[in-house]
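Asker: One structure coming up, written as structure tokens, with questions to follow.
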Amino acid sequence: MSDFPALPYPWQQELWQGFIQQFSDRHLPHALMLVGPEGLGKRHLARAMAHYALCSQPVSESACGKCKSCELNRAGTHPDFFQLAPDEPGKMIKVDNVRALTEAQNKTAQQSGYKVVTLMPAEAMNSNAANALLKTLEEPAADTLLILVADSPSRVLPTIRSRCQLRTLPIPPREQSLHWLTPLMSGTGRDAAELLTLARGAPLAARDLLQGDTLDQQERWLSDLYQLSLGQTDTLTVAAGWQKGDGKAAVAWFSGWLHDLACWQVGAERARFADLDAELSAALKAISPALLHRFQEKLLHSKKLLAGGANPNVHLLLEELLMDWGVLLKARR
Ligand SMILES: [Zn+2]
């Protein structure tokens with residue numbers, strides 16, 4: 001683990017201070033839920049909290065990195081640190097794993113301090129797993145800290161949510177994000193401000209755009225969508241192309257782009273629409289806001305379907321979405 005001990009990002013400082021304060025006052029709740037949009041480092045913060053809570057001699061608001069507990073955490077073998085996650089991204093957390101955790105939790109801590117459990121993403125619990133966890137939440141063991149992480153807390157069972165203290169990470173002030181992001185951009189030929197906009201203000205998501213061909217991919221999706229909107233290509237071709245890449249990421253991107261379109265339609269400034277060619281601009285402006293809203297809901301629903309464990313037919317789903325998009329463009333307001 002290169003980032004040991006995990007330390008909070010600059011935009012997490014306020015939340016971190018609150019955590020340290022509660023910890024030293026021994027006022028920590030049994031369960032915390034970190035919520036907020038993707039790309040803000042919620043998982044990282046959960047790890048930082050775990051490292052801190054397990055450290056036997058924390059120094060100046062951070063785990064010491066030297067004690068026995070820290071050594072065990074550095075090696076990833078701390079017997080009192082349990083990490084619950086799906087076996088593979090996008091899959092569900094197994095109920096058996098939750099049950100095993102409950103049993104382990106009821107035993108005494110092996111390093112005579114806290115026991116910490118991180119569970120992420122909290123949305124990846126089906127009702128069986130959630131109910132098993134509920135038992136733990138209803139009868140919490142002493143000196144146990146459970147940290148759940150959720151991008152969409154509305155998808156977590158309300159009975160679970162209500163038993164956790166929520167900690168919300170908002171989108172950081174733009175200046176603060178740029179200050180953090182700009183040094184990482186040196187030599188990449190990319191503009192921090194532009195990436196931050198593309199990432200909807202989430203600094204880690206902006207940084208991740210630099211990796212792989214994410215940006216090129218987004219440019220290809222955009223070009224497909226524009227061509228489709230102008231009738232220069234057809235739905236089936238675009239759907240096939242999108243599926244060949246990462247259909248799930250394409251839908252997520254489409255959903256973000258559509259959100260910007262809706263904002264731009266009502267007069268908000270959006271750089272990506274500022275220098276569109278006239279024909280395209282007119283076509284997008286002419287979409288009925290009511291229909292656009294309905295389409296947005298459908299897109300969000302598809303995004304959730306793809307994010308959940310339901311395993312929908314990606315090709316059909318893309319075809320239907322793009323077909324609807326075509327209809328939307330034809331139906332003038
Ligand atoms: Zn330590």
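Asker: State the extension gain, in nm to one decimal, for the chain segment bounded by ASP246 and ASN131, taking 0.36 nm per residue of separation less the distance between their alpha-carbons.
Answerer: 38.1 nm
Asker: Over all pairs of distinct alpha carbons, what does the Kirkwood formula give as the hydrodynamic radius of the chain, in Å?
Answerer: So the Kirkwood estimate lands at 22.1 Å.
Asker: Once both labels are modelled 7 Å past Cα along the beta-carbon direction, what's the SER281-ASP191 spacing in nm?
Answerer: Distance between label points: 1.7 nm.
Asker: Just want to confirm a number: the relative contact order over segment 10-168, from Cα pairs under 8 angstrom separated by 6+ residues, in percent.
Answerer: 33 percent
Asker: In terms of Cα to Cα distance under 23 Å, which lysines are near enough to LYS303, apart from those fewer than 8 places away along the same chain?
Answerer: Result set, ordered by chain and number: LYS42, LYS91, LYS94, LYS244, LYS248.
Asker: Also, I was wondering about something else. Where Rh is the Kirkwood radius over the Cα pairs of segment 10-168, the temperature 25 °C and the viscosity 0.890 mPa s, what D in µm²/s does Stokes-Einstein return?
Answerer: 155 µm²/s
Asker: If you fit an axis through the alpha-carbon atoms of helix 42-54 and take the longest principal axis of the Cα set of the chain, what angle between them do you get, 0 to 90°, nearest 10?
Answerer: It is inclined by approximately 10 degrees.
Asker: Right, here's the next one. For segment 160-169, take each phi angle, set θ = phi - 60°, evaluate the Karplus expression 6.51 cos²θ - 1.76 cosθ + 1.60, and give the result in whole Hz per residue in order, putting x for glycine and proline.
Answerer: Result, ordered by residue: 6, 4, 6, 9, 10, 7, 7, 10, 9, 9 Hz.
Asker: For the peptides 232-238, 52-58, what is the packing order when you average, over each peptide's residues, the other Cβ atoms within 10 Å and list the highest mean first?
Answerer: Top to bottom by mean Cβ count within 10 Å: 52-58, 232-238.
Asker: Search the structure for amide H atoms under 5 Å from the amide H of LYS115, placed 1.01 Å from N in the peptide plane, and list their residues when 5 or more places away or on another chain.
Answerer: Here the answer is THR144, LEU145, since their amide H atoms fall under 5 Å of that of LYS115.
Asker: If you don't mind, another one. For the chain, what is the percent of antiparallel DSSP beta bridges, rounded to the nearest 5?
Answerer: The answer is about 10 percent antiparallel.
Asker: Follow-up question, since we're still on this one. For the chain, what does the relative contact order come out to in percent, with C-alpha contacts under 8 Å and a separation of six or more?
Answerer: Relative contact order, the chain: 17 percent.
Asker: Still on this structure: Search the structure for amide H atoms under 5 Å from the amide H of LEU34, placed 1.01 Å from N in the peptide plane, and list their residues when 5 or more places away or on another chain.
Answerer: Amide H neighbours of LEU34, under 5 Å, 5+ apart: LEU148, VAL149, ALA150, ARG167.
Asker: How much space per residue, in cubic angstrom, does the convex hull of the C-alpha atoms of segment 190-333 take up?
Answerer: Taking only Cα atoms, segment 190-333 has a hull volume of 114 Å³ per residue.
Asker: What order, most packed first, do the peptides 115-122, 284-291 have when packing is the mean number of other Cβ atoms within 10 Å of each residue?
Answerer: Listed from highest to lowest mean packing, they are 115-122, 284-291.
Asker: State to the nearest 20 debye the size of the charge dipole of the chain about its Cα centre, where the only charges are +1 on K and R beta carbons and -1 on D and E beta carbons.
Answerer: 720 debye
No value in this document is a laboratory result; all are computed from the given coordinates. Computed from a predicted structure; not experimentally measured. Every residue, glycine as well, gets a Cβ built from its backbone with ideal geometry; the counts of neighbours run over all protein chains shown.
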